[in-house]
Ligand code: 5GP
């Protein structure tokens with residue numbers, strides 16, 4: 001997606017060979033015009049898939065996921081990051097390893113918001129090792145619901161997440177695909 005790539009080139013900060021900071025338009029300050037365009041693009045790609053809900057993880061996925069849900073005219077569900085187990089049968093939980101924070105959290109979802117008949121579109125800001133997306137997929141499967149696809153704003157294609165999700169056979173749609181962050185340069189996949 002050209003406007004996203006241009007924004008990344010102009011405002012993205014390479015922290016090291018593995019991490020890109022996009023605090024000025026996605027992760028801290030949020031650009032609403034860019035989010036609107038992201039929502040339109042995801043909705044266009046997934047519109048024929050009979051999606052019933054959009055799922056994301058708090059907090060950086062919320063802006064692109066909300067604009068996508070608005071376009072598709074379905075609810076958005078924000079999965080929570082809890083620090084511990086909730087001993088309550090009314091919740092689904094699974095452990096996820098955080099890529100940027102080097103710690104784990106319990107991905108948590110109330111059973112109220114996921115039914116067997118649901119067909120879910122997962123949206124997240126970044127795809128790195130695929131831990132977050134795999135955790136969401138695991139929760140959806142534990143409710144015997146369906147997964148329509150995964151929409152990623154920024155995929156770091158040199159990390160293992162993309163290959164891992166491709167192997168599961170889902171429709172993975174990434175709006176910007178980064179080939180490398182070496183030598184302080186952002187290189188996109190052509
Ligand atoms: P994964 O679970 O695929 O390893 O990592 C995805 C999650 O880690 C995303 O939800 C995002 O919050 C965070 N993340 C991974 N890589 C980056 C990065 O380069 N920059 C930022 N800002 N967040 C990242």
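The values are calculated or read from the model by the stated rules, or taken from the named source; none is laboratory data. The structure presented is a predicted model; accordingly, all values stated were derived computationally and were not measured. Quick reminder, even Gly has a Cβ in these numbers, built from the backbone with ideal geometry, and neighbours come from all protein chains shown.
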Among (1) surrounded by fewer than 16 Cβ atoms within 10 Å (Cβ to Cβ); (2) touching a strand residue (DSSP E or B) at 6+ places or on another chain (Cβ under 8 Å); (3) farther than 18 Å from residue 46 by Cβ - the single one residue 171 does not satisfy: (3)
Residues of the stretch 60-91 that turn out to be away from the ligand (no atom under 15 Å from the Cβ) and in a loop (DSSP other than H, G, I, E, B), as a count: 11
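Checking the structure you have, find out if any residue of the stretch 32-52 is assigned to a strand (DSSP E or B) and either surrounded by 20 or more Cβ atoms within 10 Å (Cβ to Cβ) or at pLDDT 95 or above (or both). Outline the logic, then answer.
The initial filter retains those residues of the stretch 32-52 that are assigned to a strand (DSSP E or B), namely none.
Taking every residue of the stretch 32-52 in turn, none turns out to be assigned to a strand (DSSP E or B) and either surrounded by 20 or more Cβ atoms within 10 Å (Cβ to Cβ) or at pLDDT 95 or above (or both).
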Single condition residue 24 does not satisfy, out of (1) in a helix (DSSP H, G or I); (2) under 14 Å from the mean Cα position of the chain (by Cα): (2)
Test: residue in the stretch 15-22 that is near the ligand (Cβ under 10 Å from one of its atoms) and either at pLDDT below 95 or buried (at least 17 other Cβ atoms within 10 Å of the Cβ) (or both): yes
The stretch 56-112, residues that are at pLDDT below 90 and exposed (fewer than 13 other Cβ atoms within 10 Å of the Cβ): 83, 84, 85, 87, 88, 89, 101, 102
Residue match in the stretch 146-157 (condition: without any contact (Cβ under 8 Å) to a residue 12 or more places away in the chain, outside any loop (DSSP other than H, G, I, E, B) and away from the ligand (no atom under 11 Å from the Cβ)): no
First in the stretch 2-26 and more than 16 Å from residue 38 (Cα to Cα) and without any contact (Cβ under 8 Å) to a residue 12 or more places away in the chain, second anywhere and near the ligand (Cβ under 9 Å from one of its atoms) and in a helix (DSSP H, G or I), Cβ under 8 Å, 6 or more apart: 13/23; 21/27
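Check the stretch 92-103 and report whether any residue there is within 14 Å of the ligand (Cβ to nearest atom) and part of a helix (DSSP H, G or I). Outline the logic, then answer.
Taking the stretch 92-103 as the starting set, the residues that turn out to be within 14 Å of the ligand (Cβ to nearest atom) are 94-103.
Restricting the remaining residues to those that are part of a helix (DSSP H, G or I) gives none.
Within the stretch 92-103 (the criterion being within 14 Å of the ligand (Cβ to nearest atom) and part of a helix (DSSP H, G or I)), the answer is no, since none of the residues qualifies.
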Lone qualifier among 183, 119 - being more than 14 Å from the ligand (Cβ to nearest atom) and without any contact (Cβ under 8 Å) to a residue 24 or more places away in the chain: 183
Residue 126 being within 16 Å of the ligand (Cβ to nearest atom), assigned to a loop (DSSP other than H, G, I, E, B) and within 21 Å of residue 155 (Cβ to Cβ): no
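What number of residues within the stretch 129-144 satisfy the criterion of being more than 10 Å from the ligand (Cβ to nearest atom) and under 20 Å from residue 95 (Cβ atoms)?
Of the residues in the stretch 129-144, 7 are more than 10 Å from the ligand (Cβ to nearest atom) and under 20 Å from residue 95 (Cβ atoms).
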Residue under evaluation residue 29, criteria (1) surrounded by 19 or more Cβ atoms within 10 Å (Cβ to Cβ); (2) modelled with pLDDT of 95 or more; (3) assigned to a loop (DSSP other than H, G, I, E, B), criterion not met: (1)
